[in-house]
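Beneath this line is the structure, given in structure tokens, with notes to follow.
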Amino acid sequence: EQSNGQISSVNLLLLRDRRDRIINTFRGSRLELDLTTAGGPLGGNFQYNKIETRNLIHLPISTWHSQTIGFLIRAGVVKESGDSDFVPIEERFYLGGPNTLRGFEFRDVSPKSGLIPLDPELANSSLGRRPFEIGGKTYGMFSAEYTIGFTDGFHGAVFYDGGFVNKAAGDFGLDRVNSYGEFLGEPVLLGWNNSGWNDNVGIGIRISVMGTPLRLDYAIPLTTSGDPIFGGNDEGAQFNFTFGGRL
């Protein structure tokens, strides 16, 4: 499934930032509402509307070692409009990676499409094709992170991330929905319409390098879509190394 064509869109971002400081925030919030419309009078080959909210809230626990807990809440819906019946794959939603679900590979939490026999022996044969990520039109995620400062430029963190991505616009269901079929007389998994709830726990450190936050995280998946041989997203523990904040 490819999105060959031109995207012509206009975007409105509403932002309120009341954090006491951008790096190593102790208290405050950053709230975002992102609205996009594409096609129609704007031209292009695709017509859709997209809404996404991204919210980061920090609650102080103690001034002793700057202990705080932060919550990241994100959700979004994208839907075709007019005569269009297709949302470009790059405009859909995915989870996984250092800024969303840190216990999963980049974009690996997503509706998937492919062709893979349910028989493990056939899955490793030429009949098998690992389902690939196609993105979803609805997603939601929640993250909680406790941090403690050891010095001004060095903090430790313990965190939990969880979220889902569903194929249909406006579908906020948390159940994993599989799609099955048959190929050469054998049952096959065609992928997932809904990713189901996926989550992880982890630990990390935060280092300020020349005024830029460096994040090192180690996360272990808890709830997954299963073995990667069947297109699942359980790739084991993940180590993430990245600069900047999560928003």
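Read-outs throughout are calculated quantities, based only on the coordinates presented, and are distinct from any laboratory measurement. Bear in mind that the values here come from a model prediction, so they are computed numbers and not experimental data. Cβ: placed from backbone, ideal geometry, glycine included. Neighbour counts: every protein chain shown.
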* To do: Rounded, prolate or oblate: pick one for the stretch 27-80, where a ≥ b ≥ c are the square roots of the eigenvalues of its C-alpha gyration tensor, a/c under 1.5 means rounded, and failing that, prolate if a/b is larger than b/c, else oblate.
  => prolate
* Can you tell me the alpha carbon radius of gyration of the chain divided by the globular rule-of-thumb value 2.2 N^0.38 Å? => 1.12
* Kindly identify the stretch 132-173 as rounded, prolate or oblate by the Cα gyration tensor criterion: order the square roots of the eigenvalues as a ≥ b ≥ c, call it rounded if a/c is under 1.5, otherwise compare a/b with b/c, prolate if a/b is larger, else oblate. => prolate
* To do: Putting +1 on Lys and Arg Cβ atoms and -1 on Asp and Glu Cβ atoms, find which of THR224, SER110, TYR139 reaches farthest to the positive end of the dipole of the chain.
  => TYR139
* **Gained length - LEU13 relative to ASN178, 0.36 nm times residue gap less alpha-carbon distance** => 55.9 nm
* Where does the chain land at 222 nm, in deg cm²/dmol rounded to the nearest 500, when only DSSP H runs of n ≥ 4 count, each adding -39500 (n - 2.57), divided by all residues? -> 0 deg cm²/dmol
* **Candidates LEU72, LEU12, LEU216: whichever shows maximal mean-square fluctuation once the chain is modelled as a Gaussian network with Cα springs under 10 Å** => LEU12
* **Most fluctuating residue given options ASP152, ASP234, ASP17, as computed from a GNM of the chain linking Cα atoms under 10 Å** => ASP152
* Asked: How high is the relative contact order of the chain, in percent, counting Cα pairs under 8 Å that sit 6 or more residues apart?
  -> 16 percent
* Dipole moment magnitude, nearest 20 debye, the chain about Cα centre, only Lys, Arg, Asp, Glu C-beta charged -> 1080 debye
* Hypothetical label at ILE205: residues of the stretch 93-115 whose amide nitrogen lies under 12 Å (7 Å Cα-Cβ projection) -> none
